1. In a GNM of the chain with a 10 Å cut-off on Cα contacts, which of Ala275, Ala210, Ala15 has the highest mean-square fluctuation?
2. Per the helix-only calculation at 222 nm, which mean residue ellipticity applies to the chain, given -39500 (n - 2.57) for every DSSP H run of n ≥ 4 and division by its residues, nearest 500 deg cm²/dmol?
3. Of (1) 18.4, 60; (2) 22.7, 76; (3) 17.4, 50, which is the value of Rg and Dmax of the Cα atoms in Å derived from the coordinates here?
4. Using the number of other C-beta atoms within 10 angstrom as an exposure proxy, rank Met80, Met1, Met234 with the fewest first.
5. Run the reach check for Lys248 against lysines, Cα to Cα strictly under 28 Å, same-chain hits fewer than 8 apart removed. What comes back?
6. Between Val216 and Ala119, what length comes free when the chain is fully extended (0.36 nm per residue of separation minus the Cα-Cα distance, one decimal in nm)?
7. Can you tell me which of 188-196, 225-233 comes out highest on packing, and rank the rest after it, using the mean Cβ neighbours within 10 Å?
8. Can you tell which of Leu123, Ala231, Pro87 lies farthest toward the positive end of the dipole of the chain, using +1 and -1 charges on the Cβ of basic and acidic side chains (Lys, Arg; Asp, Glu)?
Amino acid sequence: MPWYGLALLAALFTASQATLLRRWFSDLSTAHMAAIPLVCGLPVFAVSLAATPVPDLQDGFWMVFWITQPVNAVGFALHMRAIRVSPLSLTMPYLALTPALVMLTGRAVLGEMPNAWGALGVLCIACGSYILHIEPGRGGGALAPLKAFAREPGSRCMLGAATIYALASVLGKKCVLLSSPQFFAMLFHTVFAAAGVLALALCCGLPLAALRRHPVAGLCSGLCFGAEALAHNMAIALAKAAYMIAIKRFSVVLSVLFGHLFLHERNLRSRLTGAALMFAGAAIIGLAGN
């Protein structure tokens, strides 16, 4: 399969996992909801890691690797809280901010300089995030969407997650350069899931009752988590990381559609328009912005 097909599959699995968690497990605490994909995805990651050859690891790999774990844990926690407390159509599109934020962190950490296309992409994302919160018929003037954003806790949490993921992306790229895409992806997710399951089991217990109530949904969320990582890993090995991430951000559009179709979320027109603009901005940054 070509890399863009794999990237689109990764987008589909990302949106599907969020939809499953929102639909079946949003009544749990954030910690317990986060445990669902970790518990169910851990076997997928462990088996995949066992089948992945170990490359020659360059100096500095382990130091950066262990830094990525807590950074991603903070982003993952914010991500899970966002989709638990707010509609998917008002949270998932903010993941499109990650490429814009990567431009800033990339410039600071890797010396990468954006161009005019990058600025256009940022403008598209800003316009899309404004349109996302337009509520037809409510009025309130030009500041109404900004006030709506301020009132929506999930949007704010996902903005925080996107910011953390921007730093995590730069650190992850460094780890890939010091090892290999396949090995880093599988090692990272295995350690991340195992550490998360252990920490949650010790701190607040695992949501075994919820898994017994909805075993198929839980299993599917774990499979989506694992399949997304595998598709992401295979795609990034075949194409430039920026290109792959840009296409993968189609998940923001799919999330709005899934939220409307499966969760009966409202204001489809404005939210889909906003999400499409944000995806376009992410794509411009990824494909032409560096």
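1. Most flexible of the set in this elastic network: Ala210.
2. So the helix-based figure for the chain works out to -26500 deg cm²/dmol.
3. (1)
4. Met1, Met234, Met80
5. Answer for Lys248, where 28 Å is the Cα cut-off: Lys173, Lys174, Lys240, listed by chain and number.
6. Gain in length upon complete extension: 30.6 nm.
7. 225-233, 188-196
8. Checked the options; the winner is Pro87.
Each reported figure results from applying straightforward, stated rules to the coordinates on display, with no laboratory input. Because the structure is a prediction, the values reported are computed rather than measured. Positions of Cβ are backbone-derived with ideal geometry, glycine not excepted, and every protein chain shown enters the neighbour counts.
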